[in-house]
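Written below as structure tokens is the structure these notes are about.
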Amino acid sequence: MDAQADESFREFVAGRSSALLKAAVLLTGGDRHAAEDLLQNALVKAAGRWHRIDEPEAYVRRILYRQQISRWRLKWRRREIMVAEPPVASAVPDASGAAELRLVLRTALSRLTARQRTVLVLRYFEDLPEADVARLLGCSVGTVRSTTHRSLARLRTLAPELAALGPGAGAQVPSRDFSPVEVRP
């Protein structure tokens, strides 16, 4: 890698790694250590081809998704139980409801299969259309739709308190950056 490409790569990592890490955390079901490993592997792969990449963020995100798919296609399963980390204390007035909701959501997401979690992250966190999700995962649009349907049904079963947060409920729900956002009717 020449000096200009090296500097460009360093700027990309400094500017976009936090957003990419958030996506990786969601893909791994809240396991921050696995997410850091996933992101690091993706960045290493991207660094080797940096001079040939036209859209770096899209390229790195695609590596993240494919690496995660490879993880859940492995025959062996991890036998660890995922737990959410407690929320960090902040100066915000009583945000315990939003923090509790985030914990419930993370716990419920961690109990989904890796495929279900990946589909939900791509559809709702990354806001990708079904066709793009199908292309990234190497399956049909119908498979994405049915997996999304089953995943949401399982999520509702695992965390019924999330169902009360539909449109018009006026409750606080976490946004992409995990800070509370007011939902208005």
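Annotations
- In the stretch 1-66, Cα pairs under 8 Å separated by at least six residues give a relative contact order of 34 percent.
- GLU7 - accessible surface, heavy atoms, 1.4 Å probe, Å² rounded to 10: 90
- Solution diffusion estimate, µm²/s, Stokes-Einstein, the stretch 11-71, Kirkwood Rh from C-alpha pairs, 4 °C, viscosity 1.567 mPa s: 114
- When SER8, SER110, SER18 are compared by accessible area of protein heavy atoms, the largest-first order is SER18, SER8, SER110, using a 1.4 Å probe.
- Extension gain for ASP127-ASP2 works out to 41.5 nm (0.36 nm per residue, less the C-alpha to C-alpha distance).
- Each of TYR124, TYR59 has its accessible area taken with a 1.4 Å probe; listed largest first, they run TYR124, TYR59.
- Heavy-atom accessible surface of HIS33, to the nearest 10 Å², is about 130 Å², with a 1.4 Å probe and all protein chains retained.
The values are calculated or read from the model by the stated rules, or taken from the named source; none is laboratory data. Small disclaimer: the values here were computed from a predicted structure and weren't measured. Remember, those area values only see protein heavy atoms, side chains included, never the ligands or the DNA or RNA. Shrake-Rupley method; radii C 1.70, N 1.55, O 1.52, S 1.80 Å.
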